[in-house]
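For reference, the structure discussed in these notes is given below.
The values are calculated or read from the model by the stated rules, or taken from the named source; none is laboratory data. Values in this document were obtained by computation on a predicted structure and should not be read as measured data. Cβ placement follows ideal geometry from the backbone for every residue including glycine, while neighbour counts extend to all protein chains displayed.
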Amino acid sequence: MRLARSILPMVAAATIAVGLAACGGDDAGESAGAGGDKSTLTIYSGRDEAFVGPLVDAFEKESPDTEIKVRYGDSAELAATIREEGDRSPADVFFSQDAGALGALQAEGLLAKLPDATLGKVDKAYRSTAGDWVGTSGRVRVLAYDHRKLTASDLPASVFDLTKPEWKGKVGWAPTNASFQSFVTAMRKTEGEDKTRSWLEGMQANATKSYEKNGVIRDAIASGEIEVGLINHYYVLEAIKEGEADGETYPVKLHFFPGGDIGSLVNVAGVGILKSAKHGDLAQRFADFLLATPQQKYFADETSEYPLADAVPQDPSLPALGDIQQPDVDLADLADLKGTLALLQDAGVL
Amino acid sequence: MATIAVRPRERMARRRRAGRPASSPLLVASAVVAAACALPVGYLAVVVAGEPRAAFEAVWEPETLALLARSLGLALAVGFGATALAAPLAWLTVRSDLPGRRTWTVLVTLPLVLPSYIAAYLLVSALGPRGELQGLLEPLGIERLPSIYGFVGAWLVLVVVTYPLVLLPMRAALARMDPALEDAARGMGARRLRLARTVIAPQLAPAAGAGALLAALYALSDFGAVSILRFDSFTRVIYQSYRASFDRTGAAALAALLVLVMAALLALEARARHRRAYFRSAPGTARRAAIVPLGRWRWPALAFCALVGGIAFLLPVGMLVYWTTRSVAGATDWSATLSAARGSLLIAALAALATTLAALPVAWLGARHPGRRTRLVEAASTSGYALPGIVVALALVFFGIRAAPALYQTLAMLVLAMVVLFLPLAAGSTRAALLQVPPRLEEAARGIGRSPLGAALSITLPLARGGVLAGAALVFLAAIKELPAVLLLSPIGFDTLPALIWRETTRSFFESGAAPSLVLLAVSALPLWLLVGRAR
C-alpha cells in the first residue's frame with residue numbers, strides 16, 4: 001500500500017500527460033499507415049517551419065488531393081538521417097539550408113537525377129553538376145559596413161585586403177558559423193591551402209573580433225563596436241525590415257566584393273529528390289513548385305534571398321545576381337569541411 | 001575502532017550475496033534491457049566495420065590523444081565538482097536544523113531542470129566578453145571581459161546542471177541511513193569528524209559514486225555546453241564530423257573511442273563502490289536519524305545554500321523572465337508553446353515509466369548479484385547515456401527502420417530511444433536504494449513461502465521506493481530536455497518544448513526562445529516539487 005501510495009502520483013502524472021496529449025493533439029499521435037485516398041508527400045526540411053509552412057500550405061492548396069508531411073531539423077543531421085535510413089527512407093524530398101548537405105547525399109548516390117526541364121530553370125553555377133539537386137534561392141557573402149564611418153571608396157576590393165593594418169581591430173567574423181566555414185572551404189578550393197592559411201593568420205594577427213552569429217556581427221556594427229563584418233547579405237535586410245529604420249537611416253550597409261572575389265561567394269539553399277521516393281511525381285512537382293515565380297518571389301520578399309529561377313527580381317536594394325561575379329566554385333565541393341576545420345584550428349581561429 | 005560497526009558484517013554479507021545465484025528470469029530480463037541499451041554500440045561497430053580503414057585514419061592522429069585527455073579531464077572534473085557541491089547541500093538539507101530546509105531542498109535541486117544549452121547560453125550572455133556584466137561595467141571603461149570560453153566555462157555550466165544528479169541520491173541515502181551505526185560509533189567515543197569519515201562517508205559512497213558517475217558521463221555526452229562554450233570535447237568533434245564534414249565513419253570511430261572512455265569511468269566507479277554491506281545492522285525498524293543543530297554555523301550554511309540556489313537557478317530564471325518581457329509583446333506563439341508543452345509532458349512521462357521499469361532488473365542484479373556478468377550488463381546499459389544524443393538517435397534510425405519499420409518514427413520508437421539514453425539515471429538511483437535494504441528481509445519472506453518476485457514486490461520495492469521514484473524523476477527531467485532524438489525519431493508533427501526553443505533560436509535571437517524556456521522550466525519543476533517537496 002505504501003508502494004501504491006508513492007507510485008500513485010507518478011502514474012497519475014503520466015495518465016494526465018497522456019490524456020492531455022491525446023485529447024488535444026490529434027496532429028501528434030498519427031502513425032504510419034493511416035493514409036486514406038490522399039497521396040502524402042514527405043519532406044525533410046533543414047529550413048525552418050516559419051519559413052516553409054506557408055509554402056506547404058500553398059502547395060496543398062494547389063493540389064487538394066495531396067497531404068504534405070514535413071520533418072524539420074538541422075540540414076546536416078537530416079542528411080545523416082537519410083543516409084542511415086538508406087533506400088527505406090520515408091522522405092521523398094530533401095529541402096536543404098545549404099549545398100553541402102545536398103552534396104553529401106549526392107556523394108552517397110541517394111538522390112535521383114532531376115529532369116533537364118527543372119535543372120534548366122537555374123544557372124548551372126547554382127545546381128549540382130551531376131544534376132542531382134538544384135538551388136532554390138541564393139545567399140551572398142558580403143562585407144557589412146558602418147556607413148556613418150566609411151564611404152564606398154574606403155572599402156576593400158578584395159577580402160584579402162582585410163589583413164592590412166588600416167583594418168586592425170575593426171573587423172568582425174563568426175568562425176563557428178556554418179556559412180563562414182563554407183566560405184573558407186571555397187577559399188581553400190579556389191585559392192589553395194597556403195593562401196587561405198596565411199589569410200586566416202593575417203586576420204587573426206589583425207585583431208579580428210569573433211562573434212557567435214551573423215546577426216550579432218550586424219548588431220555590433222550598428223552599435224559602433226566594429227566597422228565592418230563578414231556576414232550573409234540578408235541579415236542586414238532582415239534588420240531593416242523588422243526595425244522601424246529604413247535602408248538609409250540604418251547604419252549598416254552591404255559591400256559586395258567585385259570581380260569574382262571569393263569574399264562574395266554565392267551559396268544556395270536547394271532541393272533534391274530521393275531515389276527511393278515513393279511519390280516521385282509529386283516530389284518532382286514540389287521541386288518545380290519551389291522554382292515557379294510565386295515561390296521565387298516569396299523567397300525574395302520573405303527572406304531577401306536571391307531568387308534563382310524565372311528571372312524573378314531580387315530585393316530592389318540589392319545588386320543583380322548577374323552583376324555579382326560568382327567565383328569559380330563547384331558548390332558540391334563545399335561539403336569538404338574537415339580540412340577547413342583543421343585549418344581554422346591550426347590557425348588558432350577556432 | 002569505530003569501523004567495527006561495518007567491517008565484520010562485510011564478509012558475511014559478501015558470502016550471503018554470493019551464495020544465492022541470480023534467477024534466470026532476472027538474468028533474461030536484464031540481458032534484454034542491456035542489449036537494447038547497447039544498440040548504439042552495435043551501430044558504431046557496423047559503421048566502423050563498414051569502412052575500417054577510414055575509421056582508423058579518422059582516429060589515428062596525435063590530436064585524438066589530446067581529445068581523449070580533454071574529454072576525460074572534463075568528465076572527471078565535473079564528477080568531482082558536482083560531488084563536492086552536492087555533499088554539503090545533502091547533509092544540510094537532510095541532517096541539520098537549517099531553517100526552511102524544505103524550501104532550500106527544492107531550490108538547490110531545481111537546477112536539474114535547466115537544460116545545458118540554456119545554462120550555457122545564459123552564462124555567455126551574462127559573463128561573456130560582451131555580456132550583460134560587461135554592459136554594467138561599460139561606464140568604467142571596460143570594453144571586453146576576459147573570455148569564459150573553453151574548459152572553465154564548460155566545467156562551470158556542467159557542474160551547475162549535474163550536481164543535483166549527485167544531490168538527489170545522496171539525500172535519499174542520508175535519509176535512509178540507520179542511526180544505530182552512528183550511535184554505536186558515538187558510544188565508542190568517536191568525534192564528529194571521525195564519525196563523518198568512518199561511518200557516514202562509507203554509507204554515502206555508493207550514492208555519491210553513482211551520482212558522480214552520472215555527472216561525469218553527462219559531461220562526456222553533453223553537446224549544449226561544450227558547443228556554446230567552445231570546448232573541444234569528443235561530443236563537439238563528433239557533431240562537427242556530422243554537421244560540417246558529413247563524415248559518418250569518422251564520427252562513428254570517435255564515438256567508439258568515447259565508449260572506451262566511458263568504460264574507464266565505469267571501472268573507476270566500480271572500484272570506489274567497495275563491496276560492503278550498506279543495509280541496517282540490527283533487526284527492527286530504522287529510527288529517524290537525529291537532526292544536528294547548526295548553532296552559529298547556521299548563517300554561513302544559509303549563505304551557501306542561497307549562493308548555490310541563486311546562481312544556479314534564480315539568476316538564470318531572472319534572465320529568462322527579463323528577456324520574455326523585453327521581447328516584443330505578442331511575439332510568443334502561445335498556442336504553439338502549449339501544444340509543445342503537451343508533447344513534452346507526454347514523452348517525458350512515458351519515458352519515465354518505461355525507463356524505470358526497464359531499470360528494475362538491471363538495478364536488482366547490480367545490488368544483489370555483483371560480479372563480472374553484472375558489470376557487463378551495467379556497462380552495456382550505461383553506454384547509451386555516455387554517447388551523444390545524435391549517435392543514439394542515428395543508431396535507432398539505422399536499426400529501427402530495418403528491424404521494426406512499423407514502429408519507425410512513432411512514439412514507441414522515441415520512448416525506446418529515451419530508455420537507451422537515460423536508463424542509468426533510473427538504475428543508479430534504484431540500485432543505491434536496493435543496497436540499503438537488507439536481503440535478510442527477502443529471505444524471511446521467502447522462508448514463509450513467498451515467491452522471489454512476490455518477496456521483491458511486497459518487501460523490497462516498497463522499502464526502496466524512494467530511490468525508484470527519484471530515478472523516475474531524473475529520467476522525466478532528462479527526457480523533457482532531450483532534443484536530437486526528438487527531432488529525428490518523433491512522429492512528424494509531434495512537437496516538444498526543446499524543439500520549439502531550437503526552432504526559435506535558430507531562426508532569430510535567443511530572446512524569442514525565452515518564453516518557451518520558462519515554460520519548460522515550469523513544467524519540469526512540477527514533478528520535482530512532488531518528489532523533493534513532499535519528502536520529510
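Points to keep in mind about this one:
- Of residues in segment B:359-417 being among the hydroxyl-bearing types (Ser, Thr, Tyr) and more than 14 Å from chain A (Cβ to nearest Cβ), the one nearest to residue B:75 (Cα to Cα): B:385
- Entirely in segment B:452-536, the helices (runs of 4 or more DSSP H) that have 1 or more residues that are at pLDDT 90 or above: B:465-481, B:484-489, B:497-507, B:514-528
- On inspection, residue B:207 qualifies as over 28 Å from residue B:148 (Cβ atoms) and away from chain A (no Cβ under 14 Å).
- Verdict on residue A:274 being assigned by TED's automatic domain parsing to the domain that holds residue A:180, in contact (Cβ under 8 Å) with a residue 60 or more places away in the chain and of a type outside the set (Lys, Arg): no
- Within segment B:461-503, tally of residues that are among the acidic types (Asp, Glu) and more than 9 Å from chain A (Cβ to nearest Cβ): 1
- The sole residue among B:451, B:517 that is crowded, with 20+ Cβ neighbours inside 10 Å, of a type in the set (Gly, Ala, Ser) and farther than 20 Å from residue B:390 by Cα is B:517.
Residue by residue, here is whether (1) farther than 23 Å from residue A:238 by Cα; (2) basic (Lys, Arg); (3) assigned by TED's automatic domain parsing to the domain that holds residue A:96; (4) touching a residue at least 40 places away in the same chain (Cβ under 8 Å) holds:
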residue: A:290; (1), (2), (3), (4): no, no, yes, yes
residue: A:294; (1), (2), (3), (4): no, no, yes, yes
residue: A:308; (1), (2), (3), (4): no, no, yes, yes
residue: A:322; (1), (2), (3), (4): no, no, no, no
residue: A:325; (1), (2), (3), (4): yes, no, no, yes
residue: A:329; (1), (2), (3), (4): yes, no, no, yes
residue: A:341; (1), (2), (3), (4): yes, no, no, yes
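- Filter result for the condition that a residue is at pLDDT 75 or above and either part of a helix (DSSP H, G or I) or closer than 30 Å to residue B:437 by Cα (or both), over B:287, B:275, B:271: B:271
- The single condition among (1) within 14 Å of chain B (Cβ to nearest Cβ); (2) under 24 Å from residue A:221 (Cα atoms) that residue A:343 does not meet is (2).
- Selection count where residues are in contact with a Ser or Thr (Cβ under 9 Å, 6 or more places away or on another chain) and either under 30 Å from residue B:464 (Cβ atoms) or buried (at least 16 other Cβ atoms within 10 Å of the Cβ) (or both), scope segment B:130-139: 1
- Flag for residue A:337 being modelled with pLDDT of 90 or more and either within 14 Å of chain B (Cβ to nearest Cβ) or surrounded by 19 or more Cβ atoms within 10 Å (Cβ to Cβ) (or both): no
- Here the condition is being modelled with pLDDT under 90, under 22 Å from residue A:210 (Cα atoms) and crowded, with 24+ Cβ neighbours inside 10 Å; of B:142, B:118, it holds for B:118 alone.
- Residue match in segment A:315-332 (condition: assigned to a helix (DSSP H, G or I) and within 19 Å of residue A:230 (Cβ to Cβ)): yes
- Counting only helices (runs of 4 or more DSSP H) that sit completely within segment A:68-145, those holding 1 or more residues that are surrounded by fewer than 23 Cβ atoms within 10 Å (Cβ to Cβ), more than 8 Å from chain B (Cβ to nearest Cβ) and touching a Leu at 6+ places or on another chain (Cβ under 8 Å) correspond to A:116-119.
- Count - residues of segment A:149-177 that are within 14 Å of chain B (Cβ to nearest Cβ) and hydroxyl-bearing (Ser, Thr, Tyr): 1
- Selection within segment B:201-230 - surrounded by fewer than 24 Cβ atoms within 10 Å (Cβ to Cβ) and not in a helix (DSSP H, G or I): B:223, B:230
- Put simply, of B:148, B:142 the only residue that is among the β-branched types (Val, Ile, Thr), closer than 30 Å to residue B:67 by Cβ and over 20 Å from the mean Cα position of the chain (by Cα) is B:148.
- Residue in segment B:398-407 that is under 30 Å from residue A:71 (Cα atoms) and within 21 Å of the chain's Cα centre (by Cα) present: no
- Identity of the residue in segment B:326-351, farther than 19 Å from residue B:480 by Cβ and within 10 Å of chain A (Cβ to nearest Cβ), that ends up modelled with the highest pLDDT: B:333
- Number of residues in segment A:198-231 that are modelled with pLDDT of 95 or more and of a type in the set (Lys, Arg): the value is 0.
- Wholly within segment A:155-272, helices (runs of 4 or more DSSP H) carrying at least 1 residues that are within 22 Å of the chain's Cα centre (by Cα), of a type in the set (Ser, Thr, Tyr) and within 19 Å of residue A:303 (Cβ to Cβ): A:178-191, A:234-242
- Unique match (being closer than 21 Å to residue B:236 by Cα, among the polar types (S, T, N, Q) and in contact (Cβ under 8 Å) with a residue 40 or more places away in the chain) among B:64, B:93: B:64
- Residues that are modelled with pLDDT of 80 or more, farther than 17 Å from residue B:63 by Cβ and hydrophobic (A, V, I, L, M, F, W, C) are absent from segment B:230-245 altogether.
- The listed residue being touching a helix residue (DSSP H, G or I) at 6+ places or on another chain (Cβ under 9 Å), basic (Lys, Arg) and at positive phi, out of B:186, B:230: B:230
- Restricting segment A:43-67 to residues that are without any contact (Cβ under 8 Å) to a residue 60 or more places away in the chain and part of a strand (DSSP E or B), the residue that is farthest from the chain's Cα centre (by Cα): A:67
Yes/no per residue for (1) within 14 Å of chain B (Cβ to nearest Cβ); (2) out of contact with any Ser or Thr (no Cβ under 7 Å at 6 or more places or on another chain):
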{"residue": "A:179", "(1), (2)": "yes, yes"}
{"residue": "A:190", "(1), (2)": "no, yes"}
{"residue": "A:203", "(1), (2)": "no, no"}
{"residue": "A:220", "(1), (2)": "yes, yes"}
{"residue": "A:226", "(1), (2)": "yes, yes"}
{"residue": "A:239", "(1), (2)": "yes, yes"}
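- Residue match in segment B:377-392 (condition: in a helix (DSSP H, G or I), at pLDDT 90 or above, more than 20 Å from the chain's Cα centre (by Cα) and among the hydrophobic types (A, V, I, L, M, F, W, C)): no
- Of the numbered criteria (1) within 11 Å of chain A (Cβ to nearest Cβ); (2) of a type outside the set (Val, Ile, Thr); (3) without any contact (Cβ under 8 Å) to a residue 40 or more places away in the chain, the one residue B:232 fails is (3).
- Within segment B:155-184, the set of residues being in contact with a Lys or Arg (Cβ under 8 Å, 6 or more places away or on another chain) and assigned to a helix (DSSP H, G or I) comprises B:174, B:175, B:179, B:180.
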